[in-house]
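**Q** The structure that follows is given in the form of structure tokens.
The values are calculated or read from the model by the stated rules, or taken from the named source; none is laboratory data. Only a predicted model underlies this, so the values are computations on that prediction, with no experimental measurement involved. Here the Cβ positions follow ideal geometry from the backbone for every residue, glycine too, while neighbour counts run over all protein chains shown. Heads up: the accessible areas ignore ligands, DNA and RNA and are worked out on the full protein's heavy atoms, side chains in. Shrake-Rupley method; radii C 1.70, N 1.55, O 1.52, S 1.80 Å.
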Amino acid sequence: MNRLIPPAALAALSLATLPLPSSARAQDLRVDTASVGALIDQGMNHSQVMPNLQHLTDVIGPRLTGSPAARAANDWTMAKFKEYGLDAHLEQWNFGGTWQRGPTWLRMTAPRVHDVVAASWAWAPGTNGKTIAGPVVRIDASTAESLEVNKAKVKGAFVMLRAPSFVWNNDGPPMTAADTERMRSQFRLDSAARARIMQFNNDQPYLLRNAGALGILLDAGKEQDLLNMSGSPTRVLPLPELVVAHEDYALFDRLLQGGITPRLEANVQNTLNMKDSVPQWNTVAEIKGTEQPGQAVIVGAHLDSWDLGTGATDNGTGAMATLEAARIIAQAGLKPKRTIRFILFTGEEEGLMGSRKYAEAHAADADSMQAVIVLDNGAGAVTGMALQGHLEEYALWRTLLAPVHRLNADTITDNQKGGTDHLSFIPYGVPGFNFNQITRGYNHTHHSQSDTWDKAIPADLMQASTVMAVSAYELANLPGLLARWEKRLPVPPIVAAQVSPELLRGSNR
């Protein structure tokens, strides 16, 4: 959970009272702002970010890691970096296996005929060219014991494992305190429950498969028939798993509660290839430093996306803002003292794989990485910086962002941001930051079929690109390196989920 400092409390903090590391005390008030005006002019008045985003999303399209489109995006972004005057190359890493989505349909046949809005979960198998049919059941399968009690119910059935998510009707009456608590409770788990779920999570699909279940149904948890998507080659599923629009999932549950059993038919055609790992690439480009070329500021975002939409707000906006920040600095004619390295990572959606592989491969250089700054929170303008819990960085970022005050980008919080690529560098002691952004409907577009170019807002994306360029340039020109954060090594390797051998040997239907 993110911890937020109220704005009033932040405003009350003074530079003198915050404990700054010795290496930062002398430098944090000597930020090079001489060229900020040229950067802001280039970013706000000569932007190329929206046409670049349109090419990425409308022409190249969704960029699932392991797909030809992901490689096409690597090649195109490398060419664009070079067009803007940067040295650029692709850096290879190995990925666990490919998955390709095929046609899917799901239909309710009883108590009436109804086409269900659904999509296959990633790295789940299809139905082997067959149409499968059976009833819907909802069971408690949170532990091996509860699943054993319900095992007879799942044979030949589509299985719901949870109650419908709480989805608020924004056009309804105001939310009450009880509504708020109900919404929060679906995400709240005590540590014992969380550990139990994690321990059982890997075996559960195999237990259901071996008990004869046809497939698993998941609630998308969004309104207006929007879907949700995830999956990873580290957790390949043994049976079909379908994410279902909340409205349909809730319908199934209401029918079951009323004593009526829905019946479904499904046909899912996916292609899964896990025989060998396959090469993937991060796109890497540099503006070489003039005084300390061996020290680098890393500016990053992930280039890959899910494939229901075209990956515009997650994270085409961040990727194109990174590309645009490179253009802004290069075409403003500025020469930073340290190298500024722009990296578009792949494999983020499957578990930060590309950035983790990069950080691991460059671990020997971690102490020469000034900082990592990442944009990955949707289409909205930058509001400021999240300190990842490091309050000692408050004075520095207040000073770094002061020149973009008029762009409304200088609010500082101590949020501990999760789930994106800056996290891959922090275990090596590199200060890692993820910008805060205006939400702009991100909860709707995120991982859904609504994640398309038209959701991007030109003024917001120009502002975000400009703020990234200013921040990168200033970090590159600080008098010294930022103090290292506490290292957390060794970093756990990326491995496939461990499943009990006896379950892996279970028969396929």
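**Q** For residues in region 174-207 being of a type outside the set (S, T, N, Q) and at pLDDT 80 or above, which is most open to solvent (accessible area, probe 1.4 Å)? Give the steps one after another, and end with the answer.
**A** Here is the first cut: in region 174-207, the ones of a type outside the set (S, T, N, Q) are 174-175, 177-179, 181-184, 187-190, 192-198, 200, 203, 205-207.
Retained after the next criterion (residues that are at pLDDT 80 or above): 174, 177, 203, 205-207.
Numbers: P174: 113, A177: 86, D203: 32, P205: 2, Y206: 30, L207: 47 Å².
That would be P174.
**Q** Take the residues in region 78-98 that are at pLDDT 95 or above and of a type in the set (F, W, Y), then tell me which one is surrounded by the most Cβ atoms within 10 Å (Cβ to Cβ).
**A** F81
**Q** Going by what's in this entry, would G378 be described as surrounded by fewer than 21 Cβ atoms within 10 Å (Cβ to Cβ) and under 23 Å from the mean Cα position of the chain (by Cα)?
**A** Values: surrounded by fewer than 21 Cβ atoms within 10 Å (Cβ to Cβ): no; under 23 Å from the mean Cα position of the chain (by Cα): yes.
Spelling it out, it is not the case that G378 is surrounded by fewer than 21 Cβ atoms within 10 Å (Cβ to Cβ) and under 23 Å from the mean Cα position of the chain (by Cα).
**Q** I would also like to ask the following. I need the full set of residues from region 314-334 which are surrounded by fewer than 24 Cβ atoms within 10 Å (Cβ to Cβ) and small (G, A, S), in order please.
**A** Going through region 314-334, the residues surrounded by fewer than 24 Cβ atoms within 10 Å (Cβ to Cβ) turn out to be 330-334.
Matches in region 314-334: A330, A332, G333.
**Q** For a quick check of your reading of the model, give me the residue pairs whose first member lies in region 341-356 and is polar (S, T, N, Q) and open to solvent by less than 20 Å² (accessible area, probe 1.4 Å), whose second is at pLDDT 95 or above and not in a strand (DSSP E or B), with beta-carbon atoms closer than 7 Å and at least 6 apart or on different chains.
**A** Pairs that qualify, where the first residue is polar (S, T, N, Q) and open to solvent by less than 20 Å² (accessible area, probe 1.4 Å) and the partner is at pLDDT 95 or above and not in a strand (DSSP E or B), are T346/T65; T346/A70; T346/L303; T346/D304; T346/G354; S355/E348; S355/D421; S355/S424.
**Q** Check whether at least one residue in region 49-68 is of a type in the set (A, V, I, L, M), in a strand (DSSP E or B) and either in contact with a Pro (Cβ under 6 Å, 6 or more places away or on another chain) or farther than 28 Å from A312 by Cα (or both), and report yes or no.
**A** Taking region 49-68 and keeping what is of a type in the set (A, V, I, L, M), we get 49-50, 53, 56, 59-60, 64.
Subset that is in a strand (DSSP E or B): none.
Within region 49-68, not a single residue is of a type in the set (A, V, I, L, M), in a strand (DSSP E or B) and either in contact with a Pro (Cβ under 6 Å, 6 or more places away or on another chain) or farther than 28 Å from A312 by Cα (or both).
**Q** How many residues does region 313-360 hold that are within 14 Å of A296 (Cβ to Cβ) and not polar (S, T, N, Q)?
**A** Going through region 313-360, the residues within 14 Å of A296 (Cβ to Cβ) turn out to be 326, 329, 336-343, 358-359.
Now restrict to residues that are not polar (S, T, N, Q): 326, 329, 336-338, 340-343, 358-359.
Final tally of qualifying residues: 11.
**Q** Would you check which residues across region 115-137 are open to solvent by 20 Å² or more (accessible area, probe 1.4 Å) and touching a residue at least 60 places away in the same chain (Cβ under 8 Å) and list them?
**A** Scanning region 115-137 gives V117, A118, W121, P125, G129, K130, T131, I132, A133, P135, V137.
**Q** Sticking with this structure for a sec: Report the residue count in region 287-306 for those that are surrounded by 24 or more Cβ atoms within 10 Å (Cβ to Cβ) and part of a loop (DSSP other than H, G, I, E, B).
**A** The number of residues fulfilling the criteria is 4.
**Q** Could you please give the count of residues in region 63-114 that are touching a Phe, Trp or Tyr at 6+ places or on another chain (Cβ under 6 Å) and more than 18 Å from L352 (Cα to Cα)?
**A** 1
**Q** So which residues in region 386-398 are open to solvent by 30 Å² or more (accessible area, probe 1.4 Å), over 19 Å from L375 (Cα atoms) and more than 26 Å from the chain's Cα centre (by Cα), if there are any at all?
**A** E392
**Q** Looking at region 34-84 only, could you name the residues that are more than 20 Å from V278 (Cα to Cα) and among the β-branched types (V, I, T)?
**A** If the condition is that a residue be more than 20 Å from V278 (Cα to Cα) and among the β-branched types (V, I, T), then V36, I40, V49, T57, V59, I60, T77 are the ones that fit.
**Q** What do you reckon, is R101 under 30 Å from V495 (Cβ atoms), of a type outside the set (G, A, S) and open to solvent by 40 Å² or more (accessible area, probe 1.4 Å)? Spell out how you get there, then give the answer.
**A** Values: under 30 Å from V495 (Cβ atoms): yes; of a type outside the set (G, A, S): yes; open to solvent by 40 Å² or more (accessible area, probe 1.4 Å): yes.
For R101, the condition - under 30 Å from V495 (Cβ atoms), of a type outside the set (G, A, S) and open to solvent by 40 Å² or more (accessible area, probe 1.4 Å) - is met.
**Q** Same structure again: Select from region 417-438 the residues that are modelled with pLDDT under 95 and hydroxyl-bearing (S, T, Y) and list them in ascending order.
**A** none
**Q** Sort through V244, V284, V268 and tell me the only one that's over 24 Å from the mean Cα position of the chain (by Cα) and buried (at least 18 other Cβ atoms within 10 Å of the Cβ).
**A** Working: V244 fails: over 24 Å from the mean Cα position of the chain (by Cα); V284 fails: over 24 Å from the mean Cα position of the chain (by Cα).
Sole residue among the options that is over 24 Å from the mean Cα position of the chain (by Cα) and buried (at least 18 other Cβ atoms within 10 Å of the Cβ): V268.
**Q** Just to confirm my filter: which strands (runs of 3 or more DSSP E) fall fully inside region 90-178 and include at least 2 residues that are more than 21 Å from L503 (Cα to Cα) and not acidic (D, E)?
**A** On the way: elements: 98-100, 104-110, 114-116, 118-120, 132-138, 158-160.
So the answer is 98-100, 104-110, 114-116, 118-120, 132-138.
**Q** Determine if region 289-312 includes at least one residue that is under 22 Å from H89 (Cα atoms), among the β-branched types (V, I, T) and modelled with pLDDT under 95. Before you say what the answer is, go through the steps one by one.
**A** Narrowing region 289-312 to residues under 22 Å from H89 (Cα atoms): 289-290, 292-305.
Add one more test, that the residue is among the β-branched types (V, I, T), and what stays is 290, 297-299.
After this cut, where a residue has to be modelled with pLDDT under 95 as well, the list is none.
Checked against the condition, which is being under 22 Å from H89 (Cα atoms), among the β-branched types (V, I, T) and modelled with pLDDT under 95, region 289-312 yields no hits at all.
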